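*Asks:* Below are the structure tokens for one structure; questions will follow.
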Amino acid sequence: MKLLKTTIHHKVLIRVPREQVYAAMTTPEGLDAWFTNGTVKEKGKLHLRWKNWGPDKVTTESENSPILEDNPPERFVFKWWMDTPNPTTVEMDFLEHKEGTLLKLKEFGYEDTEEGHNRFEECAVGWGEALTLLKFYCEYGLTY
């Protein structure tokens with residue numbers, strides 16, 4: 001299997017302490033408050049669920065996504081399957097910033113196929129939306 005050399009990169013400044021951002025992005029309670037429905041984190045795995053998400057009312061999940069690093073409040077890394085036969089890796093670094101937290105996100109491991117290119121584009125846009133929603137939730141308490 002040949003992989004894309006291209007990587008998704010996003011970063012966002014969130015004006016709250018990084019412990020708050022870390023919890024909102026890595027715990028079931030935090031994720032379910034602004035993004036998912038029924039997420040579970042146990043035994044080194046993350047099970048993400050979405051029900052009737054967004055304007056298209058998408059219902060999907062990523063089961064048994066292994067957590068590779070869980071180092072609060074600095075770094076979180078996991079693999080996930082989003083309607084693909086092979087997982088991608090998501091790395092998140094939560095950096096202290098004079099105005100709050102700088103969250104840097106990287107995702108890689110997409111297959112170099114037409115489907116892989118399409119998934120890459122969809123997730124690149126999706127992460128931008130997700131990080132904007134995360135910012136609004138952390139800074140203002142707004143949810144979808």
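*Asks:* Give me the strands (runs of 3 or more DSSP E) completely within the range 23-91, filtered to those with at least 2 residues that are without any contact (Cβ under 8 Å) to a residue 24 or more places away in the chain, exposed (fewer than 13 other Cβ atoms within 10 Å of the Cβ) and hydroxyl-bearing (Ser, Thr, Tyr), ordered by residue number.
*Replies:* 58-71
*Asks:* Any idea which of 63, 111, 129, 91 is charged (D, E, K, R) and farther than 19 Å from residue 8 by Cα?
*Replies:* Step by step, each of 63, 111, 129, 91 is checked, and only 63 is charged (D, E, K, R) and farther than 19 Å from residue 8 by Cα.
*Asks:* When residue 61 is evaluated against the numbered criteria (1) under 12 Å from the mean Cα position of the chain (by Cα); (2) under 29 Å from residue 113 (Cβ atoms), which criterion, by number, is the only one it fails?
*Replies:* Here residue 61 clears every test but (1).
*Asks:* Considering only the range 37-67, how many residues are over 14 Å from residue 81 (Cα atoms) and of a type in the set (A, V, I, L, M, F, W, C)?
*Replies:* The qualifying residues number 3.
*Asks:* Hey, residue 11 hits all of (1) touching a Ser or Thr at 6+ places or on another chain (Cβ under 9 Å); (2) closer than 21 Å to residue 96 by Cα; (3) basic (Lys, Arg) but one; which does it fall short on?
*Replies:* Result: residue 11 fails condition (1) only.
*Asks:* So which of 13, 31, 3 ends up being touching a Phe, Trp or Tyr at 6+ places or on another chain (Cβ under 9 Å) and either farther than 17 Å from residue 131 by Cβ or at pLDDT 95 or above (or both)?
*Replies:* 3
*Asks:* Follow-up. Considering each of 139, 114, 99, 129 in turn, give the residue that is surrounded by 13 or more Cβ atoms within 10 Å (Cβ to Cβ), among the acidic types (Asp, Glu) and at pLDDT 90 or above.
*Replies:* Just one listed residue meets the conditions, 139.
The values are calculated or read from the model by the stated rules, or taken from the named source; none is laboratory data. All figures in this text were calculated on a predicted structure; none of them were measured in a lab. Glycine gets a Cβ as well: all are built from the backbone with ideal geometry, and neighbour counts include every protein chain shown.
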